[in-house]
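Note sheet for the following structure.
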Amino acid sequence: EVASERGAGSGKEMDRREFVVTAAAGSAAFAAAVSGLPIVAGPFTRQAEADHFVPADKKLTREWIQTLYARGESAWYSGDDLRTIGMPVGGICAGQVYLRGDGCLTCWDIFNQNQNTGYGAVNYEVGRAPDQTVRSGQIAPAAHLDQGFALRVRAGGVTIDRTLDRRGFRGARFCGEYPVGRVEYADESVPVTVHLEAFSPFIPLDASESALPAALMHYAVRNTSDVAVEVTLAGWLENAVCLHSGPLFGRRFVRRNEAMSADVLTGLLASVKKVEVPDEPERPPKVFADFEEADYGDWTAEGEAFGQRPAGGTLEGQQTVSGFQGKGLVNTFLGGDRPHGRLRSRGSHEGRTCINLVVDGEVVRTASGANRERLEPHNWNVEGLQGREAHIEIVDAESGGWGHINIDQIEFRDSPMLIDPGELHLWPDYGSLCLAVVGAGFCRPSLPDGPMPETIFGRPDARDDLR
């Protein structure tokens, strides 16, 4: 809660509207208004929550509790409200996928990544979009997967192609009543309306059926004109199997898409296949910095976090640091997480192949730690940056938990520095993805690059084969 100035520390009643907004208690508003009871339990005072945001005495009367069981009305959202709406539609304990306010799927947390999505102040930041996550305490884009649906409508010799999202239907609106999310698409220039129901098989007390790794999208199209219309619904799904392992171990597998047809389903199966890696000679790695010297050499240190020289391992008060090579490394846990600083390398020379972080004053590659003291390899592919002058900088600008950084052994290499990933089927993001329609349909295993819906439907005057 956030107390108004007149109520802070005074013991006066909190502003009721303020409490509703901060406590997200608006779901009972309709029933309470009809009954004449207050829309939230209470009243509450600031003194009642002096040591906790949740008061010990909830002031729940029998009459107020009964309003929670009263049937209300569905709440629909549209316009800018859709930008921040995301409702989970993934199976329980099967990873997570979110339904955006305009009906697209986003935030594909299905790749077995250990993600800390932040604490209250950041995780519930006002304006956070469903396709954003939290990394190192900062809002950041979630893993992107290209997916969507589109509609082709033919009526009276006119063909209309639209994506089923806010771009294709500005009048889209959303209603979330977990576990079912509903989206309606309407536009005066389109002679049909579309109603989407999206959900996962959520069955209370049936853990097995509720844990299916699937999201169901049920579309209903209604002709709002007085002429016959021909409608084609199409969907696409990027093959993102091994999404995170791919940049590191891409030479060990290839992605493949296959059309599938079963008794009740027609669709696309996306997977990966192991390939043999040829033994090709390559240049040995060139060590750019190993931090084994008595000082930082040509590196320039700013602030207090780095001290005068590399650390010799674990510092006082720090959990055990491991995974570094030799006897020295960069470790900014000097006196704890409080100190800040920046360590900047000398510039690279034109024409050299190097790990680039800052080019022409712009950060072009960046990486953050995983909130553990063990060092692990991280690679940047800088093939497209050859011939440009660059420098590497190590930054510590955080004083909170895990507000320090450990770095060692920066190398220029022809191939990534790796921890042996093991067999392909044991990689954390190995598996398969499927996009299928119930009943008969048509599937293209691949599509050319290009904008949607033009790419999936082709020319408006062409007879499409997606039916």
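One table, with the values for the structure above:
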{"quantity": "Qualifying positions in segment 290-314 - part of a loop (DSSP other than H, G, I, E, B), of a type in the set (A, V, I, L, M) and open to solvent by 40 Å² or more (accessible area, probe 1.4 Å)", "calculated": "A294"}
{"quantity": "Test result for D263, in contact with a Phe, Trp or Tyr (Cβ under 9 Å, 6 or more places away or on another chain) and at pLDDT below 90", "calculated": "no"}
{"quantity": "Any strands (runs of 3 or more DSSP E) falling wholly within segment 366-467 and containing at least 1 residues that are at pLDDT 85 or above and over 30 Å from L164 (Cα atoms)", "calculated": "393-396, 410-412"}
{"quantity": "Flag for I139 being buried (at least 17 other Cβ atoms within 10 Å of the Cβ) and part of a strand (DSSP E or B)", "calculated": "no"}
{"quantity": "Near pairs, Cβ below 8 angstrom, 6+ apart or cross-chain, from segment 162-177 (under 15 Å from R83 (Cβ atoms)) to any residue that is open to solvent by 20 Å² or more (accessible area, probe 1.4 Å) and of a type in the set (V, I, T)", "calculated": "F174/I85; G176/I85"}
{"quantity": "Evaluation of G91 against (1) open to solvent by less than 20 Å² (accessible area, probe 1.4 Å); (2) within 21 Å of A214 (Cα to Cα); (3) in contact with a strand residue (DSSP E or B) (Cβ under 7 Å, 6 or more places away or on another chain) (one fails), failing number", "calculated": "(3)"}
{"quantity": "Scope segment 46-88; condition open to solvent by less than 40 Å² (accessible area, probe 1.4 Å) and at pLDDT below 90; matching residues", "calculated": "E49, P55, W64, T67"}
{"quantity": "Long-range neighbours under 6 Å by Cβ, at least six apart or interchain, first residue within 21 Å of P377 (Cβ to Cβ) within segment 287-314, second aromatic (F, W, Y) and in a loop (DSSP other than H, G, I, E, B)", "calculated": "P310/F291"}
{"quantity": "Test: residue in segment 125-132 that is more than 22 Å from L433 (Cα to Cα), surrounded by 18 or more Cβ atoms within 10 Å (Cβ to Cβ) and among the acidic types (D, E)", "calculated": "no"}
{"quantity": "Where a residue in segment 370-386 is within 16 Å of I405 (Cβ to Cβ) and its partner, wherever it lies, is of a type in the set (V, I, T) and not in a loop (DSSP other than H, G, I, E, B), with Cβ under 8 Å and at least six apart", "calculated": "L375/I407"}
{"quantity": "Members of segment 263-286 found to be part of a loop (DSSP other than H, G, I, E, B) and in contact with a strand residue (DSSP E or B) (Cβ under 7 Å, 6 or more places away or on another chain), listed by number", "calculated": "V264, V275, P285"}
{"quantity": "Extreme residue, farthest from the chain's Cα centre (by Cα), among residues of segment 244-273 that are surrounded by 14 or more Cβ atoms within 10 Å (Cβ to Cβ) and of a type in the set (K, R)", "calculated": "R252"}
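The values are calculated or read from the model by the stated rules, or taken from the named source; none is laboratory data. Quick caveat, the model's predicted, so the values are computed rather than measured. Here Cβ is always computed from backbone atoms with ideal geometry, including for glycine, and neighbour counts include all displayed protein chains. Side chains included, ligands, DNA and RNA excluded: accessible areas come from the protein's heavy atoms. Shrake-Rupley method; radii C 1.70, N 1.55, O 1.52, S 1.80 Å.
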